[in-house]
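Worksheet: the structure to be examined is printed underneath.
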Amino acid sequence: KCTLESANELNLDVSVDASLSLWYRSDVQTCTPWRAPIIWEGMFDPERYDKLHKTEGSSVALTVFAIGRYLDAYLGNFLRSSEQHFMLGLPVCYYVFTDAPERVPLIKLGPQRSLKVIKVAKHSRWQDISMMRMKTISDVVESDIRHHFTHVFCFDVDQVFTGRFGSEVLGDSVALLHAYYYHLDQYWYTYDRNQKSTAYMESGDFYYHAAIFGGTWKSVKALTDFCYKNIMEDKQNNVEAVWHDESHLNKYFWLHKPSRVLSPEYCWDTEIGYRRDIRTHRLLWATKQYDKLRRP
Ligand code: UDP
Ligand code: MN
């Protein structure tokens, strides 16, 4: 049996919770084969995590890209909801990357929370906008984040926080189970099966969702460098991974196992409908508007 606490990298004294079996879910997989916790509602005491991370001095940089039409469509709701639910009580800085800084909405921020807007170029293909985030994140971790924050979390903008997204997710290297694949057999995972791509993989552990990844700044730097290097190598060979940055992310986490895995409660799509094992919604996919947003 693996409780969240017994596999915790923070090495808490967890004998109390563990012996009482208070924080345990028997209806879902709570531990990876390499003994990293998979975090589900009911597996942790939020207050203890918050206290611990305050004591440790944890602080979080959140990166989010809002380029082209995605800015007006999503950024306001993303940031407003994040102010209600993301890492309350810890120092947080939003790093907003956009091609139109003047259109970033003014949001009232809580204490110890700040926002930086960084102008980036707009690639013409949406695939490149998505993939090139890896390079931009790596650069800003190196030039800025690593001097000010212990952890980094990277988010797609087309989502809305609806529940606590707190310090229980902080770990060395953090991946998210994709809501559409977590209950399916490997056979269905959409890894890149093209042997010409650096993202090629035959089998893996899980299918991870690139909409959220994070960890210590060091781990995020390593992840983004790996993905960017492989994306560029593919470009030189005139290939593109089937799901772009997500394919490379899956390859990275296959080779470098995450130390913490988030259940799909951390990024759910209500289109999927009711699932008994999804006990809470912490973040929901916003409505996709590909026809409107992805046209050149
Ligand atoms: N993105 C953007 N402008 C674009 C395309 C993508 O800002 O024109 C950013 C945005 O943060 C978005 C992320 O890249 O959430 C990934 O793209 P998208 O959400 O469309 O991918 P999907 O979730 O459908 O895989
Ligand atoms: Mn998205």
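The values are calculated or read from the model by the stated rules, or taken from the named source; none is laboratory data. All values reported here derive from a predicted model rather than from experimental measurement. In this analysis, Cβ positions are derived from the backbone assuming ideal geometry, glycine residues included, and neighbour counts consider all displayed protein chains.
Please find, within region 253-296, the residue that is farthest from Arg25 (Cα to Cα) out of those that are assigned to a loop (DSSP other than H, G, I, E, B) and under 14 Å from the mean Cα position of the chain (by Cα). If we take residues in region 253-296 being assigned to a loop (DSSP other than H, G, I, E, B) and under 14 Å from the mean Cα position of the chain (by Cα), then Pro258 is farthest from Arg25 (Cα to Cα).
Within region 199-215, the presence of a residue that is touching a residue at least 40 places away in the same chain (Cβ under 8 Å) and among the polar types (S, T, N, Q) is excluded. Taking the numbered list (1) away from ligand 1 (no atom under 16 Å from the Cβ); (2) among the polar types (S, T, N, Q); (3) not in a loop (DSSP other than H, G, I, E, B) in turn, Asn250 passes all entries but (1). Of all residues in region 258-280, those that are away from ligand 2 (no atom under 11 Å from the Cβ) and more than 19 Å from Gly214 (Cβ to Cβ) total 11. Taking the conditions exactly as written (at pLDDT below 95 and either more than 13 Å from ligand 1 (Cβ to nearest atom) or under 25 Å from Ala175 (Cβ atoms) (or both)), does Pro37 satisfy them or not? Answer is yes for this residue. If we keep just the residues of region 219-253 that are touching a residue at least 12 places away in the same chain (Cβ under 8 Å) and of a type in the set (S, T, N, Q), which is farthest from Thr198 (Cα to Cα)? The qualifying residue farthest from Thr198 (Cα to Cα) is Ser219. Of the residues that make up region 94-101, is at least one away from ligand 2 (no atom under 16 Å from the Cβ), in contact (Cβ under 8 Å) with a residue 12 or more places away in the chain and buried (at least 20 other Cβ atoms within 10 Å of the Cβ)? Taking every residue of region 94-101 in turn, at least one turns out to be away from ligand 2 (no atom under 16 Å from the Cβ), in contact (Cβ under 8 Å) with a residue 12 or more places away in the chain and buried (at least 20 other Cβ atoms within 10 Å of the Cβ).
Between Val152, Val120, Val104, Val141, the distinction of being modelled with pLDDT of 95 or more and more than 16 Å from ligand 1 (Cβ to nearest atom) belongs to Val141 only. Scanning region 240-252 for residues being farther than 14 Å from Phe206 by Cβ and over 15 Å from the mean Cα position of the chain (by Cα) gives a total of 5. Among what's in region 118-131 and is in contact (Cβ under 8 Å) with a residue 60 or more places away in the chain and among the hydrophobic types (A, V, I, L, M, F, W, C), pick the residue that is surrounded by the fewest Cβ atoms within 10 Å (Cβ to Cβ). Filtering first and then ranking leaves Trp126. Would region 261-270 turn up any residue that is touching a helix residue (DSSP H, G or I) at 6+ places or on another chain (Cβ under 8 Å) and within 12 Å of ligand 1 (Cβ to nearest atom)? No, because not a single residue in region 261-270 is touching a helix residue (DSSP H, G or I) at 6+ places or on another chain (Cβ under 8 Å) and within 12 Å of ligand 1 (Cβ to nearest atom). Within region 206-217, being away from ligand 2 (no atom under 16 Å from the Cβ) and crowded, with 23+ Cβ neighbours inside 10 Å holds for one residue alone: Gly215.
Scanning region 40-93 for residues that are in contact with a strand residue (DSSP E or B) (Cβ under 8 Å, 6 or more places away or on another chain) and modelled with pLDDT under 95 gives a single hit, Met43.
Among the residues of region 75-92, those that are over 18 Å from Glu56 (Cβ atoms) and without any contact (Cβ under 8 Å) to a residue 60 or more places away in the chain comprise Gly76, Leu79, Arg80, Glu83.
The single condition among (1) touching a strand residue (DSSP E or B) at 6+ places or on another chain (Cβ under 9 Å); (2) of a type in the set (A, V, I, L, M, F, W, C); (3) more than 16 Å from ligand 2 (Cβ to nearest atom) that Ala121 does not satisfy is (1). The single residue among Ser130, Ser82, Ser114 that is small (Gly, Ala, Ser) and more than 23 Å from Leu284 (Cα to Cα) turns out to be Ser114. Any residue that is within 13 Å of ligand 1 (Cβ to nearest atom), assigned to a helix (DSSP H, G or I) and of a type in the set (S, T, N, Q) - is there at least one of those in region 217-240? The answer is no, given that none of the residues of region 217-240 is within 13 Å of ligand 1 (Cβ to nearest atom), assigned to a helix (DSSP H, G or I) and of a type in the set (S, T, N, Q). Contact annotation: residue pairs with Cβ atoms under 6 Å, 6 or more positions apart or on different chains, pairing a residue in region 268-292 that is within 24 Å of Ser82 (Cβ to Cβ) and free of Cβ contacts under 8 Å to residues at least 60 places away in the same chain with a partner that is more than 16 Å from ligand 1 (Cβ to nearest atom) and outside any loop (DSSP other than H, G, I, E, B), are Ile278/Glu265.
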